[in-house]
Amino acid sequence: MHVLSRVPSSAARAVALETTLLVHGVPRDAAPELSAELAHLVRSHGAEPALVGLHNGTPTVGLNDAELADLLHAPEVPKANTSNLGYLIHARSHGATTVSTTMELAASAGVRTFATGGIGGVHRGYGTRLDISSDLAAFTRFPVAVVTSGVKSILDVESTREALESLGVPVVGFMTDRFPAFYIRTSEAGVDARFNDIKSLAAFVHHELTRTGRGIVIANPIPFSHELEHESWKRWLDLAMTAPSAPESNGRSVTPRILSQLHALSGGKTLEANIALAKSNASLAAQIACQLDKLGA
Ligand code: PSU
Ligand code: MN
């Protein structure tokens, strides 16, 4: 696959960022500022941001501001996961890369660190309809360490953790023993190992990526200051999950629909939380990337 890569010569210092979070995860008018903030945070730690997406059919690692603006102004930008990326390239379409395709493109550009908000996972109600994000399988294929605040608590968090275990994906916690649930710092599920400092975490990432050629989940809970209050969170989630869904709401549109309903129901609280955790993940990823660079990874 031809990937347009604008990462610096030392790819180890690069931190991939995804376009689905910007294009589908937050309201359009909040996206340029969030993108700039994430890039700024990554640079402030001495690393280089690389926004990943599909611009006019060109898979790009390091989209510039004009290209991001094109995506944000387009009437509709499809979510690209590993199943439809190839078709979107063929059709010369724009595309917002999810965790799965951001990993795929980052890996082909030699980028080993990636910051997101929350990875996709196993949706609730899988007994009736099986909806498992292609993000999970991507960890078995692409050697990228993904810093995430766990999986969105709109999903079945514990089943997602079990699925990662079944797939043999290493899940490590930064300063936590619990697998976090996005807006909430903890869940019933645990991690494979806990790291309390960035240096040893980066050393592990370096060895594990080299050893396996597969991905790693680095769980970084939402900052204490922005964790949602559990009771309100449960109330908003119940309302969002029982709201009548739009007729076209299935497959790829499920996650964006629920997220935007939650942002509305919570009066913006879930959006604030989402932004706070994305920033915290960008900072941690940047610090890991700088350590990887020192290790000559
Ligand atoms: N994290 C966020 N907001 C998002 C997502 C993650 O804070 O919108 C996106 C990611 O791109 C993730 C995708 O890969 O949701 C999962 O979508 P699906 O369930 O359709 O695989
Ligand atoms: Mn899905």
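Helices in the chain, meaning DSSP H runs of at least 4 residues, each add -39500 (n - 2.57). Divided by all residues, the mean residue ellipticity at 222 nm is -12500 deg cm²/dmol.
In summary, the aspartates and glutamates within cross-link reach of Lys294, defined as a Cα separation below 18 angstrom excluding same-chain residues under 8 places away, comprise Glu48, Asp197, Glu208. Straight-distance candidates among the lysines for linking to Lys152, with alpha-carbon spacing under 24 Å and chain neighbours fewer than 8 residues away dropped: Lys79, Lys234, Lys269, Lys279. Based on C-alpha pairs under 8 angstrom that are at least 6 apart in sequence, region 189-297 has a relative contact order of 46 percent.
Ranking Ala106, Gly53, Ala30 by how far each Cα lies toward the positive end of the dipole of region 1-127 (charges on Cβ) leaves Ala106 at the top. Remark: the Cα gyration tensor places the chain in the rounded category, a/c being less than 1.5.
Of the trypsin sites (Lys or Arg not before Pro) found in region 103-194, those that fall in a DSSP loop while having at most 16 other beta-carbon atoms within 10 Å are Arg124, Arg129, Arg141. Under the convention that each Lys and Arg Cβ holds +1 and each Asp and Glu Cβ holds -1, the size of the dipole of the chain around its Cα centre is about 380 debye. When each of Leu51, Leu295, Leu209 is scored by the number of other beta-carbon atoms lying within 10 Å, the sequence from fewest to most is Leu295, Leu209, Leu51. The residues Asp70, Asp197, when put in order of fewest to most other Cβ atoms within 10 Å, stand as Asp197, Asp70.
Values in this text are rule-based calculations from the coordinates and carry no lab data. Since we're looking at a predicted model, the values are computed, not measured. No Cβ is skipped: glycine too gets one built from the backbone with ideal geometry, and neighbour counts run over all protein chains shown.
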